[in-house]
1. Given the conditions (1) surrounded by 13 or more Cβ atoms within 10 Å (Cβ to Cβ); (2) over 33 Å from the mean Cα position of the chain (by Cα); (3) not hydrophobic (A, V, I, L, M, F, W, C), which single one is not true for residue 73?
2. For residues that are among the aliphatic types (A, V, I, L, M), outside any helix (DSSP H, G or I) and surrounded by fewer than 22 Cβ atoms within 10 Å (Cβ to Cβ), scanning just segment 234-293, find the one that is modelled with the lowest pLDDT.
3. I'd like the full set of residues that are more than 16 Å from residue 60 (Cβ to Cβ) and touching a Ser or Thr at 6+ places or on another chain (Cβ under 9 Å), limited to segment 240-256.
4. Check 106, 51, 65, 120 and return the single one that is in contact (Cβ under 8 Å) with a residue 12 or more places away in the chain, within 19 Å of residue 244 (Cα to Cα) and hydrophobic (A, V, I, L, M, F, W, C).
5. Kindly indicate which of 203, 229 is under 30 Å from residue 41 (Cα atoms), part of a helix (DSSP H, G or I), in contact (Cβ under 8 Å) with a residue 60 or more places away in the chain and not aromatic (Phe, Trp, Tyr).
6. With respect to the numbered conditions (1) over 22 Å from residue 44 (Cβ atoms); (2) touching a His at 6+ places or on another chain (Cβ under 8 Å); (3) β-branched (Val, Ile, Thr), which one is the sole condition not fulfilled by residue 116?
7. List, please: which pairs have Cβ atoms under 9 Å, are six or more places apart or on different chains, and start with a residue in segment 257-273 that is under 18 Å from residue 83 (Cβ atoms) and touching a residue at least 40 places away in the same chain (Cβ under 8 Å) and end with one that is aromatic (Phe, Trp, Tyr) and outside any loop (DSSP other than H, G, I, E, B)?
8. Every residue in segment 29-62 that is within 22 Å of residue 287 (Cα to Cα) and either at pLDDT below 80 or touching a strand residue (DSSP E or B) at 6+ places or on another chain (Cβ under 9 Å) (or both), please.
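The values are calculated or read from the model by the stated rules, or taken from the named source; none is laboratory data. Being a predicted model, the structure only gives us computed values, none of them experimental. Every residue, glycine among them, receives a Cβ derived from its backbone with ideal geometry; neighbour counts consider all protein chains shown.
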Amino acid sequence: MLAKVMEPDVAVQKKDIAKERRSLFIRRVWANKMVVIGGGIMLLITLSALAAPLITQFTPYDLEAVNRLKPPNATHWFGTDNFGRDIFSRVVYGARVSLAVGLSVAVVTGLLGLFIGMYASYYRVLDHIFMRIADGLMAFPSILLAIAIMAVMGPKPINVVIAIVIVETPGVARIVRSAALVVKEQTYVEAARAQGASSWKIIWSHIAPNVLTPLIVQITYVFSVSMIIEASLSFLGAGIPAPEPSWGNILYDGKSVIQTAWWMTVFPGMFLLLAVLGSNLLGDGLRDLIDPQSHQTKKS
């Protein structure tokens with residue numbers, strides 16, 4: 001009888017504790033200025049990209065020869081380019097390309113880096129193989145390696161993602177490996193091994209959850225770097241092929257008329273700057289939010 005009376009109280013207490021934890025987490029998020037500012041910037045850019053057909057009255061491909069190189073006005077908010085296309089619509093639709101490339105690269109690189117880093121930290125033979133390959137790839141400047149890969153594969157959106165993944169995966173794998181090597185020597189991992197736990201369970205149940213914090217922070221960095229590399233490749237003619245809207249393509253079209261049509265470089269450059277800034281602020285804020293010790297160490 002006593003057990004039946006106590007069961008509802010325990011359930012209520014668990015609900016109250018879970019509710020309090022959610023409330024505390026929300027307060028911590030709102031107290032973190034970098035998460036709020038960075039997340040707000042990324043949210044605005046993402047919403048503008050998703051709502052592009054609703055907030056623009058032109059498509060990024062509409063040609064108006066009579067309106068070539070028009071400065072910003074009530075009709076064309078960001079002006080027009082040397083083909084008479086609306087810069088605002090091209091910038092907003094170009095955000096879709098940059099965000100899609102950045103998100104795709106971040107997800108694929110995170111998964112590959114986690115897999116490679118975990119097994120490299122646990123098996124010495126794989127460590128020598130994977131890390132030597134990573135050293136070879138990291139010996140080249142990232143943009144030069146990406147250009148070389150694109151020269152072989154051809155300028156296509158999927159090839160841009162593949163090229164950047166190849167460039168960024170070694171760095172993520174090294175960070176995961178470094179964190180996993182520290183966790184691997186912890187007492188609870190040795191205890192699990194002594195109890196006969198399989199290597200797969202030790203790697204993915206005991207080590208992997210403890211390397212997620214540096215992985216998440218690195219993924220946000222990869223996201224911002226991917227947008228910069230994609231814009232650089234498109235600017236050099238090795239990325240997203242024209243006339244597909246891309247911030248790099250717009251910057252390339254504007255470089256020849258930068259003195260007479262400044263808006264062709266200022267507005268796409270501003271959006272790229274805001275996207276990279278928002279992503280980096282969000283990454284730094286998430287690091288402090290997930291690992292409060294890093295924030296204390298940074299302050300000291």
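1. Exception for residue 73: condition (1).
2. Step by step, filter segment 234-293, then rank; the result is 242.
3. Step one: of segment 240-256, the residues more than 16 Å from residue 60 (Cβ to Cβ) are 255-256.
Result: 255, single match.
4. Going through 106, 51, 65, 120 in turn, just one is in contact (Cβ under 8 Å) with a residue 12 or more places away in the chain, within 19 Å of residue 244 (Cα to Cα) and hydrophobic (A, V, I, L, M, F, W, C): 65.
5. Every option except 229 fails the conditions.
6. Answer for residue 116: the failing condition is (2).
7. Within 9 Å, the pairs are 267/88; 268/247.
8. Hit for segment 29-62 is 29, nothing else.
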